[in-house]
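**Q** Mind having a look at this structure? Questions to follow.
The values are calculated or read from the model by the stated rules, or taken from the named source; none is laboratory data. These numbers come from a predicted model, not from an experiment. Note that we place each Cβ from the backbone using ideal geometry, even for glycine, and neighbour counts take in every protein chain shown.
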Amino acid sequence: MKEFKAKLISVHSGNNDDMSKPAHASLLLEEDGFTDDKHRGFTRIAADWDPEPTGTLRRNERQWSGVSVEELSIIQDKMDLREALSPVTLGANICVEGIPEFSMLPKGSMLIFPSAAVLIVEEENDPCLDMGLEIERCYQTNSGEKVAGKMFPKHAIHCRGVVGVVDVGGLINCGDEITVKVYDAPAWAG
């Protein structure tokens, strides 16, 4: 596994109807997700994008979501947003800095925190139209034109971050140094 250091810029948790997640100085990770978070749980109900029929009880591979400062900046530029795109608006649990192509981290990659808490990446977080409409509602463009929220899925592809599961619980704090272990399939896996 390739290993390097990154930084935890912010940490978020919430259960708001608009999907926003307020920032906290620190949060406790438990084995089923972030304390007081909408996406916490070992299971979830299948949505229309899942391979299972909508409404099916299934394993929750989306206990947490993360974005990066670098990729938020790319989306901001593509959407011509006047102010920085916030992880709060995107409903992310963590915002990191220093992980190149964060959204492309392979499944099985680990984010390890000083408390020994470990997050495991499950998959890229695909951008959705609902989030684009929230951006349209909350942001303005540099040009003064209305934000084209319906373009968010196109502008955020491969920049929307990742989702995953908690492997080891523990306290995480803004400013924590993260050890990133990028999953590399063994040679025998072909």
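**Q** Would you mind stating whether S115 is of a type in the set (S, T, N, Q), buried (at least 20 other Cβ atoms within 10 Å of the Cβ) and either within 30 Å of N173 (Cα to Cα) or at pLDDT 95 or above (or both)?
**A** no
**Q** I'd like to know if the stretch 9-30 contains one or more residues that are of a type outside the set (V, I, T), within 15 Å of I120 (Cα to Cα), in contact (Cβ under 8 Å) with a residue 60 or more places away in the chain and assigned to a loop (DSSP other than H, G, I, E, B).
**A** no
**Q** Find the residue count for the stretch 36-46, including only residues that are assigned to a loop (DSSP other than H, G, I, E, B), at negative phi and surrounded by 13 or more Cβ atoms within 10 Å (Cβ to Cβ).
**A** 5
**Q** Which of the residues that make up the stretch 155-180 are in contact with a Gly (Cβ under 9 Å, 6 or more places away or on another chain) and either closer than 25 Å to A117 by Cβ or surrounded by fewer than 14 Cβ atoms within 10 Å (Cβ to Cβ) (or both)?
**A** G161, V162, V163, G164, V165, V166, I178, V180
**Q** May I ask you to list the residues in the stretch 50-77 that are surrounded by 15 or more Cβ atoms within 10 Å (Cβ to Cβ), out of contact with any Cys (no Cβ under 6 Å at 6 or more places or on another chain) and part of a helix (DSSP H, G or I)?
**A** V69, E70, L72, Q76
**Q** Which residue out of N173, N142 is in contact with a Ser or Thr (Cβ under 7 Å, 6 or more places away or on another chain), among the polar types (S, T, N, Q) and either more than 15 Å from V67 (Cα to Cα) or modelled with pLDDT under 95 (or both)?
**A** Within the list N173, N142, the selection yields N173.
**Q** Right, another one. Among (1) touching a His at 6+ places or on another chain (Cβ under 8 Å); (2) farther than 15 Å from I112 by Cα, which single condition is D32 missing?
**A** All conditions are met except number (1).
**Q** Which number in (1) buried (at least 18 other Cβ atoms within 10 Å of the Cβ); (2) at pLDDT 95 or above; (3) of a type outside the set (A, V, I, L, M); (4) within 19 Å of H24 (Cβ to Cβ) marks the one condition that E124 misses?
**A** Tallying (1) buried (at least 18 other Cβ atoms within 10 Å of the Cβ); (2) at pLDDT 95 or above; (3) of a type outside the set (A, V, I, L, M); (4) within 19 Å of H24 (Cβ to Cβ), E124 fails exactly one: (4).
**Q** Say we look at the stretch 47-106 and pick out the residues that are acidic (D, E) and in contact (Cβ under 8 Å) with a residue 60 or more places away in the chain; which of these is farthest from G149 (Cα to Cα)?
**A** So the residue we want is E61.
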